[in-house]
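Novice: Below you'll find the structure I mean.
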Amino acid sequence: MSHHPGLGILGGAFDPPHRGHVELARAAREHYGFERLLVLVVADPGHKRTVAPAETRLELARLAFDGVPDVEVELDRHARTVDSLEERRLENAIFLVGGDELADFMSWKQPARVLELVSLGVAMRPGVPEDELLELCARLPAPDRISFFAMRPTPVSSREIRARIGRSEPIDEFVPPQIAGAIERLGLYRDAK
């Protein structure tokens, strides 16, 4: 590809953000050469319940990506990706997802429209079989709008982090240092089930 995509988009609940999110952003930027990365903190995700309030997750995401150059972190008021993209009308953008999220992509609202508005950049992590992803990709509305990039394995999930905090276990190895401090300071996730 001779032309650089100008913009990468990473959307999520970031409840809380963790090293996997930051690593995904880093790997994608290295692969695609974005000029900037837009991190969208979904205020009220359509598909899952969030624990921390939107403004808190926004603050955590800003902290998590602090020090990553050319990143803008914004609150996204749309529950569904397609609605957010329709409003923003971003030129030449790549929407980043984990390989495990690609499997759910067809259940998104208007997946074909999403692929008209952006292309998809899918993180290949060990543990998500490549042949399965490629097969899945072939069944999507516009396989040519999907590309893959490699990412170092960062076996961590927000759910697992919340559970560890609920059990008063350390989370330092899973989140950037400033995040662990902020979570403690704000007293977040202590009653996580």
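Bear in mind these aren't lab numbers, they're just calculated from the coordinates by the rules spelled out. These figures come from a predicted structure and were not determined experimentally. Ideal geometry is used to build each Cβ from the backbone, glycine not excepted, and the neighbour counts take in all protein chains shown.
Novice: For region 101-180 and region 24-90, write down the distance between their C-alpha centroids in whole Å.
Specialist: 14
Novice: Taking amide hydrogens as modeled 1.01 Å from N in the peptide plane, which residues meet the under 5 Å criterion relative to ARG125, leaving out close sequence neighbours?
Specialist: Under 5 Å from the amide H of ARG125: GLY99.
Novice: Over 28 Å, how big is the tail of the calculated P(r) for the chain, in percent of all Cα pairs?
Specialist: The answer is 22 percent, as a whole percent.
Novice: Now a separate question. For region 93-110, what does the Karplus curve 6.51 cos²θ - 1.76 cosθ + 1.60, with θ = phi - 60°, yield as ³J(HN,Hα) per residue in whole Hz, taken in order and with x for Gly and Pro?
Specialist: Per-residue couplings from phi come out as 10, 10, 8, 9, 9, x, x, 5, 7, 4, 4, 8, 4, 5, 8, 5, 5, 6 Hz.
Novice: Which one, VAL156, VAL114, PRO53, projects farthest toward the positive side of the charge dipole computed for the chain from Cβ point charges (K/R +1, D/E -1)?
Specialist: Projecting each Cα onto the dipole axis, the largest value belongs to PRO53.
Novice: Something else now. Over region 16-186, what relative contact order in percent results from Cα pairs under 8 Å that are six or more residues apart?
Specialist: Relative contact order for region 16-186 comes out at 28 percent.
Novice: So which trypsin sites (Lys or Arg not before Pro) in region 1-101 end up in coil per DSSP with only 15 or fewer other C-beta atoms within 10 Å?
Specialist: Filter output for region 1-101: LYS48, ARG49, ARG77, ARG89.
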